[in-house]
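Here the structure comes first, spelled out in structure tokens, and everything after it is commentary.
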Amino acid sequence: VDMSTRQTDPHWAKDLEEDFKEECSSKYGKVVHIGVFRDSSDGEIYVKFADIAGGDSALKGLNGRYFDGRTLTATPVVDAVYNMNFPKAASL
């Protein structure tokens, strides 16, 4: 299923969050928050890990690989920017 197909489903963002969270949790570390920018044509997904080691592992493991038929570009985001985009994640 590609992103264009998913976006016609009203639950596509929640499904994508669940799929991505499951994969990240099983491979890189405990995920405490995940968010999908629903209006982004680039398919932006933000993942906050319980610790820095999980985030570092995810950066190494995700950058350049495929997920849902698309090549991923993983970049770090400082807490202030993450929390500005997802205020509910600030206390996590």
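The figures follow:
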| item | result |
| --- | --- |
| Sole residue being under 19 Å from SER25 (Cβ atoms) and without any contact (Cβ under 8 Å) to a residue 40 or more places away in the chain, chosen from ALA80, ALA58, ALA90 | ALA58 |
| Matching residues in the range 63-74 - criterion: being open to solvent by 50 Å² or more (accessible area, probe 1.4 Å), closer than 23 Å to TRP12 by Cβ and part of a loop (DSSP other than H, G, I, E, B) | ARG65, GLY69, THR73 |
| The range 34-62: number of residues that are of a type in the set (Asp, Glu) and more than 17 Å from LYS14 (Cα to Cα) | 2 |
| Candidates LYS48, LYS88, LYS27, LYS60, filtered to the one that is charged (D, E, K, R) and surrounded by 15 or more Cβ atoms within 10 Å (Cβ to Cβ) | LYS48 |
| Residue count for the range 30-57, restricted to those that are of a type in the set (A, V, I, L, M) and within 10 Å of the chain's Cα centre (by Cα) | 5 |
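The values are calculated or read from the model by the stated rules, or taken from the named source; none is laboratory data. Note that the coordinates shown come from a computational prediction; the quantities given were computed from them, not determined experimentally. Don't worry about glycine lacking a Cβ; one is built from the backbone with ideal geometry, like all the others, and counts go over all protein chains shown. These area figures cover heavy atoms from the full protein model, side chains too; ligands, DNA and RNA do not enter into them. Shrake-Rupley method; radii C 1.70, N 1.55, O 1.52, S 1.80 Å.
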